[in-house]
1. For E333, work out the one condition from (1) among the acidic types (D, E); (2) assigned to a helix (DSSP H, G or I); (3) surrounded by fewer than 21 Cβ atoms within 10 Å (Cβ to Cβ) it doesn't fulfil.
2. Is it fair to say H69 is over 27 Å from V299 (Cβ atoms) and at pLDDT 80 or above?
3. Looking at the structure I just gave you, is P283 surrounded by fewer than 24 Cβ atoms within 10 Å (Cβ to Cβ), under 14 Å from the mean Cα position of the chain (by Cα) and not basic (K, R)?
4. Test L320 against the criterion of being in a helix (DSSP H, G or I), at pLDDT below 85 and farther than 24 Å from A152 by Cβ, and give yes or no.
5. Using the structure shown, decide if V224 is closer than 22 Å to I287 by Cα, modelled with pLDDT of 85 or more and loosely packed, with under 15 Cβ neighbours inside 10 Å.
6. Going through region 88-143 one residue at a time, which ones are among the aliphatic types (A, V, I, L, M), within 9 Å of G288 (Cβ to Cβ), at pLDDT below 80 and assigned to a helix (DSSP H, G or I)?
7. Wholly within region 195-258, which helices (runs of 4 or more DSSP H) include no fewer than the required count, namely at least 2 residues that are more than 19 Å from R110 (Cα to Cα)?
8. Are there any pairs, at least 6 apart or on different chains, whose C-beta atoms fall under 9 Å, with the first in region 81-96 and touching a residue at least 60 places away in the same chain (Cβ under 8 Å) and the second among the acidic types (D, E) and surrounded by fewer than 24 Cβ atoms within 10 Å (Cβ to Cβ), and if so, which?
Amino acid sequence: MTSTIPVEEVASIGATSSHAQRSPAAPRTSHAVRGIVLLIVVLVPLAAASLAFGSRTIPLTVTIDALRHFDPANDAHLIVRELRIPRAILAIVAGACLGLAGALMQSLTRNALAEPGTLGVNAGAATGVVVGLAFFGGASIAVYVWFALIGAAAAAFIVHRLGHARESGVNPIRLVLAGAGLSVTLSSLTTMVILSSPQTVFDSFRNWASGSLQGRGWEVLPAVSLCLLAGAILAAFLARSLNAVSLGSEMARGLGVNVTRTWALTNLAIIILAGGATAAIGPVSFIGLAAPHIARSIVGPNHVWVLPYSALIAAAIVLLADVAGRVVIMPGEVGAGIMSALIGAPFFIALVRRGRVEGIE
């Protein structure tokens, strides 16, 4: 009888694989925990800057006063409480969703260049947003965010079915090709709807498509927060199994991992995380690609640490991009989706040139 190795031992086995040997040495648990604490600390001044800066700069003392002694008759207090606090929280939550989704996507497809858009999530969400805007006109994002979630989930489901072969199950290459093909189709459909809709639909879609957090109030947070909670629970449950799956399906089965269940749950987590983030802030594509690479360059290939590091790194990048976008052309604004690429791409290229970003095999 063929013996299997418990899933609990997979992380230690994965750390000795050839992939792990090419990665930086896995940090001690205490060092990894300190790194997580440090990333959380980094978020604090970024969040403070998000509350202070914008088309109108609000002094730190006024910002603190708005938090401690809110005066509804003070317009500065209203800006802080009703606009900037939910915007800062949304940047953190949506960024964490994108980071987790990117790490899961790269592990699932074993493709170093994979990101949430690979499953057609961005294109599906865009189609859902356009359909929602076409039906409800200039409706609040709290209305069409659900259309975006439905579109993202439907697109990911179709891609998963197209990437499934009866004889070999889900194939990563077929999955990526199916995602690319469906994205082109949905993009064409989105363009057709926009061109045949009123100007207000195009204006609203343009703001969403730039990855802007402008006007995102408290009503958006419940949906994306639930997505992060559900996705994070699934990711925590899958972390050790993904260490085995990253070695290959046959090796994972030999280690006692249920590959089919891992694939299904990982796909579900990606749909929830990437769909929620994309619906809330638009198709921000660079974050899900870069954050997991940066995380692996710090903590190695162990998903127990890669997943939380990816979430926190992505949250910091989105928050920084949102603040920078409000400062760079004050009193105007550049979308966080655009700024994240401008900020993160040079750093990512530097990591590649230094040989600290590796493929996934």
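1. If we test E333 against (1) among the acidic types (D, E); (2) assigned to a helix (DSSP H, G or I); (3) surrounded by fewer than 21 Cβ atoms within 10 Å (Cβ to Cβ), just (2) comes out false.
2. Working: over 27 Å from V299 (Cβ atoms): yes; at pLDDT 80 or above: yes.
Criteria met by H69.
3. Working: surrounded by fewer than 24 Cβ atoms within 10 Å (Cβ to Cβ): yes; under 14 Å from the mean Cα position of the chain (by Cα): yes; not basic (K, R): yes.
Yes, satisfied.
4. Values: in a helix (DSSP H, G or I): yes; at pLDDT below 85: no; farther than 24 Å from A152 by Cβ: yes.
Spelling it out, it is not the case that L320 is in a helix (DSSP H, G or I), at pLDDT below 85 and farther than 24 Å from A152 by Cβ.
5. Values: closer than 22 Å to I287 by Cα: yes; modelled with pLDDT of 85 or more: yes; loosely packed, with under 15 Cβ neighbours inside 10 Å: no.
The answer is no for V224.
6. Of everything in region 88-143, nothing turns out to be among the aliphatic types (A, V, I, L, M), within 9 Å of G288 (Cβ to Cβ), at pLDDT below 80 and assigned to a helix (DSSP H, G or I).
7. Values: elements: 199-209, 221-245, 249-254.
Here the list reads 199-209, 221-245.
8. These pairs meet every condition: P86/E219.
The values are calculated or read from the model by the stated rules, or taken from the named source; none is laboratory data. None of the values given here were measured: they were computed from a predicted structure. Positions of Cβ are backbone-derived with ideal geometry, glycine not excepted, and every protein chain shown enters the neighbour counts.
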